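> Dumping the structure here so I can ask a few things about it.
The values are calculated or read from the model by the stated rules, or taken from the named source; none is laboratory data. What you see is a predicted model, and the numbers here were worked out from it, not measured in a lab. Here the Cβ positions follow ideal geometry from the backbone for every residue, glycine too, while neighbour counts run over all protein chains shown. Heads up: the accessible areas ignore ligands, DNA and RNA and are worked out on the full protein's heavy atoms, side chains in. Shrake-Rupley method; radii C 1.70, N 1.55, O 1.52, S 1.80 Å.
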Amino acid sequence: MRINKSQLNLKKPELPVIILPDTVIFPYTVAPFFLTDAISTRAVDEAMKGKRDIFLAFQKEKAESTVQKKHLYSTGTVAHILQVLKLPDGNSRLLVEGRSKGELVKLVKRKDILMAQYKPLHESREVGRTLAAGMETLQETFYEYARANKKITRETKNQVEQAQTPEKVIGIIASQLTIPSEEKIDLLDMDSPGEKLKRLTEIVQLEIEKSSLKQDISGRVRKKMEKTQKEYFLNEQLKEINKELGNSDKEDPSGASELENRIDEMTMPEEVKAKALKEVKRLGRLQPMSPESGVLRTYLEWIVDLPWSEESDDKMNLARAAQVLDEDHYDLKKAKERILDYIAVRQVREKLKGPILCFVGPPGTGKTSLGRSVARALNREFVRISLGGVRDEAEIRGHRKTYVGALPGKIIQSIKKAGTTNPVFLLDEIDKMSSDFRGDPSAALLEVLDPEQNATFTDHYLELSYDLSRVMFITTANSLHNIPRPLLDRMEVIEVPGYTEIEKIRIARGFIIPKQLRENGMENSRLTLKDDAITTLIRNYTMESGVRNLERQIGQVIRKITREAIDTYQKRSGGNNVHTARIHKYQEIFGSPVSDEENLPDLSAIDLEVDGNDVIHYLGTPPIQDEDSDTREHPGLATGMAWTELGGRILPVEVSLLKGDGKLILTGKLGDVMKESAQIALSYLRANAENFDIDPGFYKEYDIHIHVPEGAIPKDGPSAGITMTAALLSALKKTALVRGVAMTGEITLTDRLLPIGGVKEKVLAAHRNKCTTILLPEKNRKDQEDLPPEIMDDLSFVFSSSVREALEQLFPKGTF
């Protein structure tokens with residue numbers, strides 16, 4: 001008989017393979033698992049195309065890169081896929097049924113699919129007397145284990161009872177045990193069914209003993225516990241286990257000893273130290289795993305981390321402090337003088353309570369950065385918290401430590417962050433706080449900002465007095481109207497007014513431009529912004545009381561020039577990004593352009609001047625034109641002045657007379673007080689019609705429409721009274737007011753012109769809009785001293801104590 005050689009090299013069976021790192025699945029068992037890698041997913045897709053059979057290989061060690069045969073156990077399981085469930089995260093859940101054992105022969109990769117060549121391992125299904133007895137012994141042992149383990153279901157017990165072969169009994173029982181994968185693989189590897197039954201019976205008996213010992217330990221623990229709280233169970237169980245293992249001598253796990261040592265070494269008030277030591281002793285008696293222990297440990301850590309005696313060494317040099325303040329900020333004389341006053345007094349009196357200052361002014365005037373400069377001048381730590389939107393008292397005072405996740409309030413948290421008891425503490429945007437059902441944070445600040453009380457400030461979390469009297473508190477606000485009176489009474493208010501155009505130019509030259517050159521890599525260049533460039537930015541791109549937007553726009557111009565220089569240097573001179581007039585200038589500076597984009601020009605060689613036209617080229621069409629002061633000689637038109645949180649603005653008032661029956665129409669989103677001013681103006685003119693040579697019955701013939709432009713913006717306040725009166729009288733007499741006059745003042749029915757606030761901001765707005773004459777109440781004459789001297793030459797002031805006297809100044813001579 002002749003035998004073909006090809007018949008000797010029979011091809012091994014081959015199936016797609018899934019590698020399971022921590023799971024062993026036995027034949028005759030159904031088990032789910034997740035697929036999280038692309039290789040396994042492709043293997044499943046391949047298997048689903050055929051008979052849905054797959055080879056399960058079990059990993060014995062991790063591979064550094066690609067899994068090879070040496071990383072796997074030699075014995076695996078041939079399984080049939082019952083179900084594939086695609087999950088939303090892209091992974092899959094697989095349900096398989098083990099069919100038989102197989103010996104892994106080789107791993108082969110075919111078209112990105114990992115395949116396993118295996119040798120089927122068939123097991124005998126014959127059950128003799130010996131195997132039947134072994135099966136019965138294993139089943140009875142498993143029933144005993146199931147009685148102690150509530151996780152074994154009735155369905156599993158029925159499956160074990162109905163199993164007819166050793167392999168099926170072994171597979172079902174082994175899959176229910178929480179034993180290491182190595183032991184399960186040993187069972188799978190064994191060829192003799194009898195040996196398998198014997199070994200698995202021993203394993204189940206060992207698990208029964210472990211469970212019994214565990215229950216015994218639990219019983220002893222429960223007897224020792226005075227209170228049967230479930231939280232102590234794990235810790236007491238661990239103690240008993242350590243006792244069984246002979247490891248009962250362990251270090252203090254609560255950390256009480258370390259905390260006690262730290263408290264003893266610290267310098268803190270006796271009351272605080274006594275409370276802390278008492279709590280440390282209580283911590284030592286608690287179980288480390290109990291929730292109360294964690295809460296108490298966190299509380300004690302807060303106490304020892306706080307600075308109780310550490311102070312910064314103040315530098316009380318007046319000349320140095322003045323130099324630091326002047327380096328960082330232009331003008332702000334009142335604020336700087338108050339800081340220097342404090343330093344002077346500290347030189348002669350060491351024990352001095354920290355001042356409580358409140359800087360009030362429009363945005364962008366340097367209030368927040370001034371606080372940082374004060375800290376630098378005094379050589380103190382600086383901390384800042386923003387109160388904008390704070391509406392919960394607990395954010396200031398903290399929560400009581402009995403609450404889950406409780407912490408101290410922002411005051412104590414910031415003191416810890418500063419690390420000293422005398423930082424400069426900035427409470428930013430104090431006027432932006434609000435309150436709700438959780439309490440009023442402004443009420444909590446009453447104690448913080450009261451020099452007579454803050455030496456014993458009590459945080460709800462600490463429940464200890466903390467001395468805040470050495471802290472220098474500085475608060476900032478845009479307006480005083482929203483600050484509660486009791487809180488405002490505790491602070492020394494220092495107004496930080498808006499800047500004039502000349503002041504802004506000086507600030508830009510001395511502070512903003514050098515800073516922006518540094519931040520945009522042009523500090524070594526000779527780039528210069530001319531005065532008309534800065535003026536264009538101020539008038540047409542910012543129009544604000546502060547300089548925040550001015551700094552932003554200057555930075556944008558400098559960045560455009562930087563980009564322009566690099567564009568030209570790197571052969572993009574023909575692009576739209578480059579100022580055409582600059583191309584030749586850049587080429588003179590840098591020489592021939594290069595094509596290498598990694599090559600950068602020497603920006604220090606730039607020597608350019610930027611004017612107003614350049615600014616418009618870089619920033620585009622100016623978004624802001626001059627405010628509408630409307631200098632037309634038009635009856636019924638008057639120019640008022642208004643104060644806002646952003647600074648001053650002009651406030652045009654228009655009046656139109658319509659045939660009607662005396663209705664008063666008010667538009668422009670006016671508030672109640674402003675509506676009342678219009679009513680007063682109308683009543684005043686009706687009562688004094690003969691004095692102004694107007695028809696006393698005008699209100700019967702006309703409907704009067706008073707409009708304040710920019711109708712989407714809410715407006716309120718009494719200071720527009722004189723403006724409304726002048727505009728209404730101008731419409732009635734059909735005579736235009738004197739050109740270039742801006743006015744403000746509250747009127748009364750008895751011909752009085754009452755003083756108003758915000759004079760500086762209002763006058764600056766009028767000057768900015770080219771008004772030449774300012775009409776103010778007589779009692780505001782004193783406010784003239786606060787006006788910048790550089791605008792006084794451009795303005796003339798008229799002061800009046802009566803409405804009639806003011807109107808006589810507003811109309812051409814001889815009008816009435």
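> If you go through the stretch 86-98 one residue at a time, do you hit one that is open to solvent by less than 50 Å² (accessible area, probe 1.4 Å), β-branched (Val, Ile, Thr) and either modelled with pLDDT of 90 or more or part of a strand (DSSP E or B) (or both)?
Looking through the stretch 86-98, at least one residue is open to solvent by less than 50 Å² (accessible area, probe 1.4 Å), β-branched (Val, Ile, Thr) and either modelled with pLDDT of 90 or more or part of a strand (DSSP E or B) (or both).
> Residue pairs, Cβ under 7 Å, 6 or more apart or interchain, first in the stretch 271-294 and in contact (Cβ under 8 Å) with a residue 60 or more places away in the chain, second among the aromatic types (Phe, Trp, Tyr) and part of a loop (DSSP other than H, G, I, E, B). List them.
272/308
Condition check ((1) out of contact with any Phe, Trp or Tyr (no Cβ under 6 Å at 6 or more places or on another chain); (2) surrounded by 17 or more Cβ atoms within 10 Å (Cβ to Cβ); (3) modelled with pLDDT under 85) across all residues:
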{"residue": "319", "(1), (2), (3)": "yes, no, no"}
{"residue": "322", "(1), (2), (3)": "yes, no, no"}
{"residue": "344", "(1), (2), (3)": "yes, no, no"}
{"residue": "371", "(1), (2), (3)": "yes, yes, no"}
{"residue": "383", "(1), (2), (3)": "no, yes, no"}
{"residue": "387", "(1), (2), (3)": "yes, yes, no"}
{"residue": "405", "(1), (2), (3)": "yes, no, yes"}
{"residue": "408", "(1), (2), (3)": "no, yes, no"}
{"residue": "422", "(1), (2), (3)": "yes, yes, no"}
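> Check residue 749 against each of (1) under 19 Å from residue 643 (Cα atoms); (2) among the aliphatic types (A, V, I, L, M); (3) in a loop (DSSP other than H, G, I, E, B) and name the one condition it does not meet.
(1)
> Residue check: is residue 727 over 28 Å from residue 496 (Cβ atoms) and open to solvent by less than 10 Å² (accessible area, probe 1.4 Å)?
Taking the combined requirement at face value, the residue satisfies it.
> Would a scan of the stretch 482-496 turn up a residue that is touching a His at 6+ places or on another chain (Cβ under 7 Å) and touching a residue at least 40 places away in the same chain (Cβ under 8 Å)?
Filtering the stretch 482-496 for residues touching a His at 6+ places or on another chain (Cβ under 7 Å) gives none.
So far as the stretch 482-496 goes, no, none of its residues is touching a His at 6+ places or on another chain (Cβ under 7 Å) and touching a residue at least 40 places away in the same chain (Cβ under 8 Å).
> With the structure loaded, tell me whether residue 759 is modelled with pLDDT under 95, among the aliphatic types (A, V, I, L, M) and surrounded by 18 or more Cβ atoms within 10 Å (Cβ to Cβ) or whether it fails that test. Before you say what the answer is, go through the steps one by one.
Numbers: modelled with pLDDT under 95: yes; among the aliphatic types (A, V, I, L, M): yes; surrounded by 18 or more Cβ atoms within 10 Å (Cβ to Cβ): yes.
For residue 759, the condition - modelled with pLDDT under 95, among the aliphatic types (A, V, I, L, M) and surrounded by 18 or more Cβ atoms within 10 Å (Cβ to Cβ) - is met.
> If only one of 510, 555 is without any contact (Cβ under 8 Å) to a residue 40 or more places away in the chain, over 17 Å from residue 367 (Cα atoms) and among the small types (Gly, Ala, Ser), which one is it? Let's see the steps before the verdict.
Details: 510 fails: without any contact (Cβ under 8 Å) to a residue 40 or more places away in the chain.
After applying the criteria, what remains is 555.
> Residues to consider are 449, 445; find the one that is farther than 24 Å from residue 267 by Cα and in contact (Cβ under 8 Å) with a residue 60 or more places away in the chain. Full working, then the answer.
Numbers: 445 fails: in contact (Cβ under 8 Å) with a residue 60 or more places away in the chain.
Result: 449 is the single residue among 449, 445 that is farther than 24 Å from residue 267 by Cα and in contact (Cβ under 8 Å) with a residue 60 or more places away in the chain.
> Right, next: Across the stretch 551-565, what is the total count of residues that are of a type in the set (Asp, Glu) and open to solvent by 10 Å² or more (accessible area, probe 1.4 Å)? Show your work before the answer.
The initial filter retains those residues of the stretch 551-565 that are of a type in the set (Asp, Glu), namely 551, 564.
Keeping just the survivors that are open to solvent by 10 Å² or more (accessible area, probe 1.4 Å) gives 551.
Counting residues in the stretch 551-565 that are of a type in the set (Asp, Glu) and open to solvent by 10 Å² or more (accessible area, probe 1.4 Å) gives 1.
> Which is touching a Leu at 6+ places or on another chain (Cβ under 7 Å) and farther than 24 Å from residue 173 by Cβ, of 92, 40, 74, 65?
Working: 40 fails: touching a Leu at 6+ places or on another chain (Cβ under 7 Å); 74 fails: farther than 24 Å from residue 173 by Cβ; 65 fails: touching a Leu at 6+ places or on another chain (Cβ under 7 Å).
The conditions single out 92.
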